[in-house]
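As structure tokens, the structure follows; a few thoughts come after it.
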Amino acid sequence: MKKVSILIPCYNEEENMSSLYQAIKELMDNNSQYEWEALLVNDGSKDHTLEKIKELRKQDKRISYVSLSRNFGKEAAMLAGFDYVTGDCLVNVDADLQDPFDIIPEMLKYWEEGYDDIYARRLSRGKESWLRKSLSMMYYSLIQKMTNFDMLPNVGDFRLLDRKCIDELKRLRETERYTKGLYCWIGFNKKEIGFNRGSRQHGQSNWGFRKLFGLAINGITSFSNIPLRISTFIGMIISIYAFCHLAYFLIKTLVFGDDVQGFPTLVILILFLGGVQLLSIGIIGEYVGKIYNESKRRPVYIVREYEAG
């Protein structure tokens, strides 16, 4: 009998635990042809999420959990899940119940047909603001153009992964993680399923604009050096322009005897060049910061508790 693992990262999700368990239980009971494991990764929750998980564990031994020593972030929590799941495949699902469990049997059907990565593409994004949706689509379009492999637009972490995909993701131990990109980078035989993303039932999302912006920057700098090339290109253009401008004023002064004027223009040029230099330093700093973090070779996460079986 094949074993299917459900991986669910959890951070301050105590209000969703009861509904989440009902969805998990219904899925497992209705698909008894598989052996099931639901691995909940408590990512240093500050509420009673861990206590709720332990209660579910007492009710149903198919529930396993890993509790991290502090909040390491969703990317690290997913890596912990990859390390600890024991199934022949895993289904990665968010704890907020925005990802519908009822399409998981369809994912399993395609998995049985030989697909290794069955990913769910959002046809609608639930109750997200127009601004957030627009910025998301702009980001997906940008990162698609900046990488040398296909980055799937409007696709999150909701997917089924075969054991061979899990094993390859476990090998990628980088600290600055962007798992959505890693799914695409490892390749394998992929299959798309469309779904309508629901709205969060309880609590509030932990992903504000600041965190999403940081994740977007991390995604771009993790898989592309185009920002560095853009910085170099801008520097070359400005240098050529400055040289031509210098030659123009030099010839104008020597041949026609005109005085060099334009103090406001000079100030604007200095400010502009200063801004370009700071922007370039910032771009370089992002990459240097990644090198610094990776060079320390710290573990991506630390486990405080683990219970399974």
Could you please give the count of residues in segment 40-63 that are under 18 Å from G87 (Cβ atoms) and of a type in the set (K, R)? 3
What number of residues within segment 31-46 are within 18 Å of K2 (Cα to Cα) and in contact (Cβ under 8 Å) with a residue 24 or more places away in the chain? 8
Residue satisfying all of: in segment 47-103; free of Cβ contacts under 8 Å to residues at least 60 places away in the same chain and of a type in the set (V, I, T); surrounded by the most Cβ atoms within 10 Å (Cβ to Cβ) among these: I53
Which of the following residues is small (G, A, S), under 29 Å from M17 (Cβ atoms), modelled with pLDDT under 75 and assigned to a helix (DSSP H, G or I): G214, G198? G214
For segment 1-21, how many residues meet the condition of being touching an Asp or Glu at 6+ places or on another chain (Cβ under 6 Å) and among the aromatic types (F, W, Y)? 1
Specify which of the listed residues (L123, L108, L161) is at pLDDT below 85 and either out of contact with any His (no Cβ under 7 Å at 6 or more places or on another chain) or assigned to a helix (DSSP H, G or I) (or both). L123
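The values are calculated or read from the model by the stated rules, or taken from the named source; none is laboratory data. As the structure is a computational prediction, the values presented were derived from the model and not from experiment. Note that each Cβ is placed from the backbone with ideal geometry, even for glycine, and that neighbours are counted across all protein chains shown.
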